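In what follows, a structure is listed as structure tokens, so that the remarks can point back to it.
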There are 2 protein chains.
Amino acid sequence: MPKIVDHEEQRKRIAEAMWRVILRDGMEGATVRKIAAEAGMSVGALRHYFRQQDDLLVYAMRLVNERVEQRILRLARTNLPPLEKAVRLLLEVVPVDGERRAEMDVWFSFMEHVRHRPDLEGIPENRLHLFVSQVLAYLQHEGLLEEGLDLALEAERMYAIVDGLAVHALLEPERLRPETMEEVVRTSLRRICRNRPQ
Amino acid sequence: MPKIVDHEEQRKRIAEAMWRVILRDGMEGATVRKIAAEAGMSVGALRHYFRQQDDLLVYAMRLVNERVEQRILRLARTNLPPLEKAVRLLLEVVPVDGERRAEMDVWFSFMEHVRHRPDLEGIPENRLHLFVSQVLAYLQHEGLLEEGLDLALEAERMYAIVDGLAVHALLEPERLRPETMEEVVRTSLRRICRNRPQ
């Protein structure tokens with residue numbers, strides 16, 4: 001089915017062009033004209049793949065989500081020691097490198113846009129809160145967490161930490177270094193572990 | 001000087017109209033025309049107070065900052081027990097009620113806009129990181145913190161927590177209740193205090 005494959009490839013290519021335009025000019029500057037130019041095609045050709053700009057927006061959001069989820073799944077299958085695996089899982093959603101930074105950047109632009117667009121349908125659900133809860137549940141299952149913790153509260157705290165770091169990395173990139181972000185995540189997990197491993 | 005006072009009052013009134021438009025329609029919807037209509041004046045009259053839309057943007061951002069700082073100063077002068085004062089100081093920048101929520105909401109819209117506008121001058125500095133550091137320094141000065149803490153790291157963590165909570169309160173208002181936000185802030189401070197006061 002070369003045609004179908006090609007169709008999907010083109011849609012991805014356009015979505016990635018949209019990301020680049022958003023990274024450069026923000027959501028307000030992400031016009032169909034600019035996205036088409038960035039993808040090296042005419043506005044008419046772009047419209048062949050996405051009839052409405054909203055369709056492209058929803059597709060591009062889903063694509064970011066998918067990329068992150070695939071990295072998380074790959075990491076979850078590895079044989080790292082549990083605490084190290086948990087740290088690395090959480091760091092998948094913190095902008096510690098250029099790839100994650102770009103994802104977070106477009107993601108926040110998307111979120112800022114869609115929260116004023118209650119009419120939009122098909123926006124991917126935010127599953128990050130659930131993901132953080134699952135990482136803590138995994139550590140508990142492995143017997144690493146302190147007893148008597150309020151896991152819902154700990155998940156809320158850890159979720160705030162990873163997204164707070166992400167926002168700060170985007171807004172204050174000169175101040176907040178990747179090593180510091182990793183140290184914050186690592187010590188936050190250690191603090192709720194039995195015996196406080198150093 | 002009734003004329004000068006009136007001039008400043010009008011500028012405030014326009015900035016507050018801009019906030020309301022942003023809260024409703026986002027930054028992308030905040031056109032001069034809509035802001036003038038919201039303030040109950042003509043576009044021409046608005047231009048008398050702000051020649052460029054960017055002047056209004058910078059002024060409106062400074063006004064949000066000023067309001068928060070004034071509340072913080074008032075609270076800092078009270079005689080609350082140190083830990084309670086520290087908790088309440090941090091809660092001034094977490095959207096636990098409608099007023100703070102509206103401030104955070106426009107603030108994030110502003111930040112998302114200005115990070116793609118390196119040409120803009122006069123944007124108020126983000127002093128929140130410094131503020132959180134000062135709250136921790138205050139607790140240390142009062143002898144409440146555990147010994148041997150890396151205060152820079154603790155400030156980074158606490159700063160991430162308050163801004164992470166703020167982002168989640170804006171994006172997931174149904175899920176994240178004010179009591180939970182307060183509990184996260186309170187237990188995060190307790191955790192770095194000596195004797196872990198309950």
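The numbers here are math on the coordinates, done by the rules we state, and not lab data. Keep in mind that this is a model prediction, so the values were computed, not measured. Because the Cβ atoms are built from the backbone with ideal geometry, glycine has one as well, and the counts that use them run over all protein chains shown.
Taking the Cα centroid of the stretch A:99-115 and of the stretch A:1-66, what is the distance between the two, rounded to the nearest whole Å?
Centre-to-centre distance over Cα atoms comes out at 15 Å.
Which shape class applies to the protein assembly as shown: rounded if a/c is under 1.5, otherwise prolate when a/b exceeds b/c and oblate if not, where a ≥ b ≥ c are the square roots of the Cα gyration tensor eigenvalues?
Details: a/c = 2.31, a/b = 1.08, b/c = 2.13.
It comes out oblate by the Cα gyration axes.
Rounded, prolate or oblate: which one fits the stretch A:100-198, using the alpha carbon gyration tensor with axes a ≥ b ≥ c (rounded when a/c is under 1.5, else prolate when a/b beats b/c, else oblate)?
Numbers: a/c = 3.13, a/b = 1.50, b/c = 2.09.
Note, shape of the stretch A:100-198 comes out oblate.
Rounded to the nearest 500, what is chain A's calculated 222 nm mean residue ellipticity when only DSSP H runs of at least 4 contribute -39500 (n - 2.57) each, over all residues?
-23000 deg cm²/dmol
Dipole size in debye (nearest 20) for chain B around its Cα centre, Lys and Arg Cβ +1, Asp and Glu Cβ -1?
Here the size comes out at about 420 debye.
Could you point to the residue in A:Ala45, A:Gly143, A:Ser109 farthest towards the positive end of chain A's charge dipole, with +1 and -1 charges on the Cβ of Lys/Arg and Asp/Glu respectively?
A:Ala45
Starting from the Cα of B:Lys12, draw a straight line to each of the aspartates and glutamates and keep only those under 16 Å, dropping any in the same chain fewer than 8 residues away.
Cross-link targets: B:Glu38, B:Asp54, B:Asp55, B:Glu66, B:Glu103.
Are there trypsin sites (Lys or Arg not before Pro) in the stretch B:53-86 that DSSP puts in a loop and that have at most 11 other Cβ atoms within 10 Å, and which ones?
Taking the stretch B:53-86 and a limit of 11 other Cβ atoms within 10 Å, the loop trypsin sites (Lys or Arg not before Pro) found are B:Arg77.
Can you compute the charge dipole magnitude of the stretch A:34-128 about its Cα centre, using +1 on each Lys and Arg Cβ and -1 on each Asp and Glu Cβ, nothing else charged? Give it in debye, rounded to the nearest 20. Walk me through the numbers before you get to the answer.
Numbers: 15 positive and 15 negative charges, 47 e Å.
I would put it at about 220 debye.
So what is the relative contact order for the stretch B:30-142, in percent, with contacts set as C-alpha pairs under 8 Å and at least six apart?
Once normalised by length, the contact order is 28 percent.
Net charge near B:Glu121, counting Lys/Arg +1 and Asp/Glu -1 over other residues with Cβ under 13 Å of its Cβ?
-2
What residues have an amide H closer than 5 Å to that of B:Cys193, excluding those fewer than 5 places away on the same chain, when H is modeled at 1.01 Å from N in the peptide plane?
For B:Cys193, the qualifying residues are B:Glu146.
Rounded to whole Hz and in sequence order, give me ³J(HN,Hα) for the stretch A:138-148 from the Karplus expression 6.51 cos²θ - 1.76 cosθ + 1.60, θ = phi - 60°, writing x for Gly and Pro.
Karplus values, whole Hz, x for Gly and Pro: 4, 4, 5, 4, 7, x, 8, 7, 4, 7, x.
For B:106-118, what's the mean count of beta carbons from other chains sitting within 10 Å of each residue's beta carbon? Could you put the intermediate results ahead of the total?
Working: counts 0, 0, 6, 3, 0, 5, 10, 4, 2, 7, 9, 3, 0.
That works out to 4 on average.
I'd like the orientation of helix A:151-171 relative to chain A: the angle between its Cα long axis and the longest Cα principal axis, in ° from 0 to 90, rounded to 10.
50 degrees
Got the relative contact order for the stretch B:1-51 handy, in percent, Cα pairs under 8 Å and 6 or more residues apart?
Relative contact order for the stretch B:1-51 comes out at 36 percent.
Counting only C-alpha contacts under 8 Å and six or more residues apart, can you give the relative contact order of chain A as a whole percent?
This gives 21 percent for chain A.
Cut-off under 13 Å on the C-alpha distance; same-chain residues fewer than 8 positions from A:Lys34 excluded. Which aspartates and glutamates are left, in chain and number order?
A:Glu16, A:Asp25
Enter the Cα centre distance for the pair the stretch A:160-181 and the stretch B:143-158, rounded to the nearest angstrom.
The two parts, judged by their Cα centres, are 18 Å apart.
Run the numbers for B:Leu149 and B:Glu66: contour at 0.36 nm per residue of separation, minus the present Cα-Cα distance, in nm.
26.7 nm
Please give the helix B:2-25 orientation as an angle from the longest Cα principal axis of chain B, in degrees from 0 to 90, rounded to the nearest 10.
70 degrees
So how tilted is helix B:82-91 from the main axis of chain B? Cα-based, degrees 0 to 90, rounded to 10.
30 degrees
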